[in-house]
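Colleague: Dropping the structure in here first, questions after.
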Amino acid sequence: MARLARTEGLSEVQQEILAAVRAFVDKEIIPVAMELEHADEYPAQIVKGMADMGLFGLMIPEEYGGIGESLLTYALVVEEISRGWMSVSGILNTHFIVAYMIKQHGTDEQRAHFLPRMAEGSVRAAFSMSEPGLGSDVAAIKTKGVRDGDDFLITGQKMWLTNGGTSSLVALLARTDEGQQAAHRNLTTFLVEKQPGFGETRPGLTVPGKIAKMGYKGVDTTELVLDNVRVPADRVLGGAAATGRGFAQMMDGVEVGRVNVAARGCGIALRAFELGVAYAQQRSTFGKPIAQHQAIQFKLAEMAVKIEAAHQMMVRAARVKDAGQRNDLEAGMAKYLAAEYCKEVVEDSFRIHGGYGYSKEYEIERLYREAPMLLIGEGTAEIQKMIIGRRLLEEYRLKG
């Protein structure tokens, strides 16, 4: 195993899981990623392989048919998968976030109904907060859930759903009238079931076609249009009495998601380094491999330091969450640093490749288009810095 991005203190089970995932990535993902990405084709065989390995149940408790592993294990698995193809990690990510939210905040009936099928991968989930024109102002959500007897009628438009088409379950944040002065206390999370696919997937719920993207291809990213979609009150996350708690529930899930994005950044950066260091030893200029030029060695050194720093910060954020502690500071730091460093490492590898880096025949071209998504996914750099700054002021508030 290479020297970079090692994690100390892993159990034998964790090491076995990561070894199996790494072998799967090398054999089943890397050889086909470029072809599938260029075709924007959903990686159905890869997804089947992940389901067969039990990866959809990685963090779901054993009592519900899952493996019952930690956030750290999940993050390290995502790092390995992103090293192969980031889009595949996106298929897992929203699924994990929703499973985590149901495990943490769901009723016993909701856990028993959803988690066993989520563990086997027969039910896959999408996570929906964003709306057109909403940006980072989550409290300004316009999609509404209006009480109608024992049900809610949900109307509105959601945006940027990863797995929006292939999912059969959506954790969706909508505005409900709770009579609270604080806007975020009037938001509720609904567990909305639908048929996989595009078009009208249940009465009143339409999934338009995939959004065309510069990168992050293969995985489907969609809008969601709702017109009086009837959802029973027992599909409010946490039960009918849990209305108004959606913002806190979603933010708990987002902390998991930010660790995931940090892990993706680490995986992409590591792959970019592998490609760069290999190419530098194969390509010669002025009578010797470019790896022997000091300028290239400096680049490789800087890339390696960034990979190591981002990896260790990502690991710390996961371990803090696993310990049951609030980790918004650590997750924000990890997401911010890993995304920024990923962009820089990929660009340095791109520069090492020279003109060939601009060719679609080389893998670095794909990574160059994928890295920017991490700068905005699960909150922009500016949002992360706001979170970090506020938490630091809480920790270092002057006394008296």
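The values are calculated or read from the model by the stated rules, or taken from the named source; none is laboratory data. Only a predicted model underlies this, so the values are computations on that prediction, with no experimental measurement involved. When we count neighbours, we look across all protein chains shown, and the Cβ atoms used for this are built from the backbone with ideal geometry, even at glycine. Note: accessible area is taken over every heavy atom of the protein model, side chains too, but ligands, DNA and RNA are not part of it. Shrake-Rupley method; radii C 1.70, N 1.55, O 1.52, S 1.80 Å.
Colleague: With the checklist (1) open to solvent by less than 10 Å² (accessible area, probe 1.4 Å); (2) assigned to a strand (DSSP E or B) in hand, flag the one item VAL261 doesn't pass.
Modeller: Single failed check for VAL261: (2).
Colleague: Which of the residues spanning the stretch 374-388 are modelled with pLDDT under 90 and under 18 Å from LYS213 (Cβ atoms)?
Modeller: ILE376, GLY377, GLU378, THR380
Colleague: Consider the stretch 35-53. How many of its residues are buried (at least 18 other Cβ atoms within 10 Å of the Cβ), within 19 Å of the chain's Cα centre (by Cα) and in contact (Cβ under 8 Å) with a residue 60 or more places away in the chain?
Modeller: Matching residues across the stretch 35-53 total 5.
Colleague: Scan (1) touching a helix residue (DSSP H, G or I) at 6+ places or on another chain (Cβ under 7 Å); (2) at negative phi for the single condition ASN163 breaks and write down its number.
Modeller: In the conditions (1) touching a helix residue (DSSP H, G or I) at 6+ places or on another chain (Cβ under 7 Å); (2) at negative phi, ASN163 misses (2) alone.
Colleague: Any chance you could count how many residues in the stretch 369-381 are in contact (Cβ under 8 Å) with a residue 60 or more places away in the chain and either farther than 29 Å from ASN93 by Cβ or open to solvent by 20 Å² or more (accessible area, probe 1.4 Å) (or both)? Show your work before the answer.
Modeller: Within the stretch 369-381, the subset in contact (Cβ under 8 Å) with a residue 60 or more places away in the chain is 369-374, 377-380.
Still in the list and also either farther than 29 Å from ASN93 by Cβ or open to solvent by 20 Å² or more (accessible area, probe 1.4 Å) (or both): 369, 372-373, 378, 380.
Looking only at that region, the number is 5.
Colleague: Any residue in the stretch 214-240 that is closer than 20 Å to GLN157 by Cα sitting within a Cβ distance under 9 Å of a residue that is of a type in the set (Phe, Trp, Tyr) and in a loop (DSSP other than H, G, I, E, B)? List the pairs, counting only those 6 or more apart or interchain.
Modeller: ASP220/TYR42; ASP220/PHE198; THR222/PHE198
Colleague: Would you mind finding the one in VAL32, VAL13 that is more than 19 Å from the chain's Cα centre (by Cα), surrounded by fewer than 24 Cβ atoms within 10 Å (Cβ to Cβ) and within 21 Å of ARG319 (Cα to Cα)?
Modeller: Going through VAL32, VAL13 in turn, the sole match is VAL13.
Colleague: Tell me whether the stretch 125-146 contains one or more residues that are modelled with pLDDT of 95 or more, of a type in the set (Gly, Ala, Ser) and open to solvent by 10 Å² or more (accessible area, probe 1.4 Å).
Modeller: So far as the stretch 125-146 goes, no, none of its residues is modelled with pLDDT of 95 or more, of a type in the set (Gly, Ala, Ser) and open to solvent by 10 Å² or more (accessible area, probe 1.4 Å).
Colleague: Turning to a different aspect of this structure: Which condition from (1) surrounded by 19 or more Cβ atoms within 10 Å (Cβ to Cβ); (2) part of a helix (DSSP H, G or I) is the one that VAL305 breaks?
Modeller: Failed condition: (1).
Colleague: Find all pairs meeting these conditions: Cβ atoms under 6 angstrom apart; at least six residues apart or on different chains; first residue within the stretch 184-213 and of a type in the set (Asp, Glu); second residue open to solvent by 10 Å² or more (accessible area, probe 1.4 Å).
Modeller: GLU200/THR206
Colleague: A follow-up question, please. What number of residues within the stretch 204-220 satisfy the criterion of being open to solvent by 10 Å² or more (accessible area, probe 1.4 Å), in a strand (DSSP E or B) and in contact with a Lys or Arg (Cβ under 9 Å, 6 or more places away or on another chain)?
Modeller: Keep residues of the stretch 204-220 that are open to solvent by 10 Å² or more (accessible area, probe 1.4 Å), which gives 204, 206, 208-214, 216-217.
Now narrow it down to the ones that are in a strand (DSSP E or B): 206.
From what's left, in contact with a Lys or Arg (Cβ under 9 Å, 6 or more places away or on another chain): none.
Here the count works out to 0.
Colleague: Only one of GLN181, GLN195 is more than 28 Å from GLU37 (Cα to Cα) and outside any strand (DSSP E or B); which?
Modeller: Values: GLN195 fails: more than 28 Å from GLU37 (Cα to Cα).
When all the criteria are applied, what remains is GLN181.
Colleague: Also, quick follow-up: State the number of residues belonging to the stretch 221-258 that are under 30 Å from ARG366 (Cα atoms), crowded, with 23+ Cβ neighbours inside 10 Å and at pLDDT 95 or above.
Modeller: Residues that pass the stated criteria total 2.
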